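To keep things clear, I will list the structure first and then write my remarks on it.
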Amino acid sequence: MKALIIAAHPDLESSRINRTLLDRVQNQPDITVHSLYSAYPDWKIDVKREQGLLLAHDRIVFQFPLYWYSTPPLLKKWQDDVLEYGWAFAEGGDNLKGKQFMLATSIGVHPDCYRAGAIGEFTLSEILRPLQATAVFCQMTYLPAFITGGELDDAQLATRADEYLATLQTERPRGTTLPKL
């Protein structure tokens, strides 16, 4: 299983969580880390290059900090440019069919803060639903999101990074069930 991590953090060096997770998986066999903000500082996305990367991998991972209940802007632009009509969806658009899709999202608070009546008011599943819809529309298999947040000490963050690597190396991440036929 070859995994492509599309890392989308506008200031990765200042991100303790995202940087630690990426450092842990960076040089692993069958894992490619692709930083959008490093690759495209001018925001001019090479669509054919990006589509080639997608075709060469079995699992596509969007790794990003949750920004105002959404993705950072370059990741949104990437989706708009790369997931083209006739390539990723619609007639002839089955290039992503059967690929696995996963989100690895960092948040600034503990995940329990995302629920009705809490500061986030909505669950993370509800907030991430548009990305799930994108995966389904492109005929990909949506896997459970890998959420990291809260105030983690160095040991807790290292453990979380190990869990991230294990999740990426698992054929189907824990908690995923196959549909009943």
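The values are calculated or read from the model by the stated rules, or taken from the named source; none is laboratory data. These numbers come from a predicted model, not from an experiment. Here the Cβ positions follow ideal geometry from the backbone for every residue, glycine too, while neighbour counts run over all protein chains shown. We work out accessible area using only protein heavy atoms, side chains counted, and drop any ligands, DNA or RNA first. Shrake-Rupley method; radii C 1.70, N 1.55, O 1.52, S 1.80 Å.
From the residues Gly92, Gln132, Pro72, which one has its Cα farthest along the dipole of segment 45-181 in the positive direction, the dipole being from +1 and -1 charges on Cβ of Lys/Arg and Asp/Glu about the Cα centre?
Toward the positive end, the furthest listed residue is Gly92.
With all pairs of different alpha carbon atoms counted, what Kirkwood hydrodynamic radius in Å does the chain show? Before the final figure, lay out each step's value.
Numbers: mean 1/r = 0.0593 Å⁻¹.
By the Kirkwood definition, the hydrodynamic radius is 16.9 Å.
Could you pull out the longest piece of the chain with no exposed loop trypsin sites (Lys or Arg not before Pro) in it, calling a site exposed if DSSP puts it outside H, G, I, E, B and it has at most 14 other Cβ atoms within 10 Å? Don't jump to the answer; show the numbers that get you there.
Numbers: sites that count: Lys2, Lys44, Lys97, Arg115, Arg174, Lys180.
Segment 116-173 is the longest.
Just in segment 35-135: which chymotrypsin sites (Phe, Trp or Tyr not before Pro) are loop by DSSP and have at most 11 other Cβ atoms within 10 Å?
Trp68
For segment 1-35 and segment 83-105, what is the separation of their C-alpha centers, rounded to whole Å?
Spelled out, the Cα-based centre of one part sits 21 Å from the other.
How many percent of the accessible area of the chain is carbon or sulfur, using a 1.4 Å probe? Show your work: numbers first, answer last.
Numbers: 5050 of 9600 Å².
Summing carbon and sulfur atoms, their accessible area is 53 percent of the total for the chain.
Within straight cross-link reach of Lys44, meaning Cα distance under 20 Å, which aspartates and glutamates are found once same-chain residues fewer than 8 apart are removed?
Answer for Lys44, where 20 Å is the Cα cut-off: Asp11, Asp80, Asp81, Glu84, listed by chain and number.
Please find the FRET efficiency linking Ala118 to Lys48, where r is the Cβ-Cβ separation and R0 is fixed at 35 Å, and quote it to the nearest 0.05.
0.20
With every protein chain present, what accessible area does Thr71 have (1.4 Å probe, heavy atoms only), rounded to the nearest 10 Å²?
Spelled out: Thr71, probe radius 1.4 Å, area about 20 Å².
Counting only DSSP beta bridges with both residues in the chain, tell me the antiparallel percent, nearest 5. Intermediate results must be reported in sequence, preceding the final value.
Details: 1 of 25 bridges.
Counting only bridges with both partners in the chain, antiparallel ones make up about 5 percent.
Please identify the longest segment of the chain free of exposed GluC sites (Glu not before Pro), where exposed means a DSSP state other than H, G, I, E or B and no more than 13 other Cβ atoms within 10 Å.
The longest such stretch corresponds to 1-90.
Using helices alone, what [θ] at 222 nm do you get for the chain, with -39,500 (n - 2.57) per DSSP H run of 4 or more residues, divided over all residues and rounded to the nearest 500?
-9500 deg cm²/dmol
Which lysines, on any chain, are close to Lys48 with Cα under 20 Å apart, when same-chain ones fewer than 8 places away are left out?
Partners within reach: Lys2, Lys76, Lys77, Lys97, Lys99.
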